[in-house]
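Q: Mind looking over this structure? Questions follow.
Any read-out appearing in this document is the output of simple, stated calculations on the displayed coordinates, not a laboratory observation. These numbers were taken from a predicted model, which means no experiment stands behind them. All Cβ positions, glycine included, derive from the backbone under ideal geometry; neighbour counts span all protein chains shown.
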Amino acid sequence: MASSRILFSSLILISLFLSLSEATDFLVGGTTNSWKIPSSTSESLNQWAESNRFRIGDSLVWKFNDEKDSVLQVTREGYESCNVSNPMAAYKGGSVTVKLERSGPFYFISGASGHCEKGQKLIVVVLSNRQRSGISPAPSPMEFDGPAIAPTSSAPGLEVVRSGFVGGLVVLGGLAAMFI
């Protein structure tokens, strides 16, 4: 009986560690072919990005018509001026995956002539590993001028711990309390 409890506790702990450290693939815009000129400002991909929490290790996935478009990763200045001439990286092929390997803002624009000027662009702000998720929405990337800072909540019990080590200690303590 005691060994089955230990096995059960171990399985719960392992699955928790895996779920807390798991990276997420985000389909840009939430659907295939969202990488296009928005028909209105309410369809901006930045609104989609602001409603998500991006963390180091997550990936952005684009699905689009590769004969008509591409994705360019650019600087903030390149984003604001829609400058396609000197991208940091260019992605083609219709199925593009970009791994978010650092915290801070990432700027993307369309490589198709005139598309960026018509609103086909995206800012994604990646939270650092030190930051914790609160219940507030992500900060607007348009107002971003410094390191990515997640909003926090002063309400007790609302913070989500994503760090595998700290989260594991909390769960391990809880599991130990259940079986003692």
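Q: Fewest to most neighbouring Cβ within 10 Å: what's the order for Ser51, Ser34?
A: Numbers: Ser51 10, Ser34 17.
The fewest-first ordering by Cβ neighbours comes to Ser51, Ser34.
Q: As an exercise, use a Förster radius of 25 Å and the Cβ-Cβ distance of Asp25 and Lys92 to find the FRET efficiency, rounded to the nearest 0.05. Present the calculation step by step, with values, prior to reporting the outcome.
A: Details: r = 19 Å, r/R0 = 0.77.
Rounded to the nearest 0.05, the efficiency is 0.85.
Q: In what sequence do Leu100, Leu72 fall when counting other Cβ within 10 Å, fewest first?
A: On the way: Leu100 21, Leu72 25.
The order, fewest Cβ neighbours first, is Leu100, Leu72.
Q: May I ask you to sort Asp25, Asp58 by Cβ crowding, counting other Cβ atoms within 10 Å and putting the fewest first?
A: Values: Asp25 10, Asp58 20.
Going from sparsest to densest Cβ surroundings: Asp25, Asp58.
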